[in-house]
Amino acid sequence: MRSVVGEGMVLESGSDVPEAPSGPSGVGALGALVRWIFVEPERWVHRSVRSVRTPVGQTVRKAVLRPAARGVRAAGRGAREVLATARDRVRQACAGLRRMLFGDSRQPAAVDRREPSGSAARSLGSSTTALTKD
């Protein structure tokens, strides 16, 4: 029994070895040779180390990648703090220069924003509603 494995490759039943296709639409002898030299050994290794690769990957993640990520995050926090301090110092220097050149800024006069009461209130008579007007 024959089954199609990939693009133009045919696999005989009971065999892991695909045979090279024949005809102009196939890969040809040179393509099959390249496949057997480069592709197939990688597939064999991939299949054989799959059961070992997962636990090793998890161990590497726990032992190497997570601490490295923590270190990078800590370095990023430190850099942000340094940059914030530098920005603050530059703002203070600019404010000092502005004070030196133009003098202290005047504080705006406080404005009373409350509603006026009594005679200062604007009303028409004793009522402010439109229903009580004549």
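Just so it is clear, none of the values below were taken in a lab; they were calculated from the coordinates. What you see is a predicted model; the values in this text were computed from it and never measured. Positions of Cβ are backbone-derived with ideal geometry, glycine not excepted, and every protein chain shown enters the neighbour counts.
Give the residue from 108, 86, 72 lying farthest towards the positive end of the charge dipole for segment 65-115; charges sit on Cβ (+1 for Lys and Arg, -1 for Asp and Glu) and the dipole is referred to the Cα centre.
72
Hey, what do the phi angles of segment 54-61 turn into as Karplus ³J(HN,Hα) couplings, whole Hz, using 6.51/-1.76/1.60 and θ = phi - 60°, x for Gly and Pro?
Taking θ as phi minus 60°, the curve returns 5, x, 5, x, 5, 5, 4, 4 Hz for segment 54-61.
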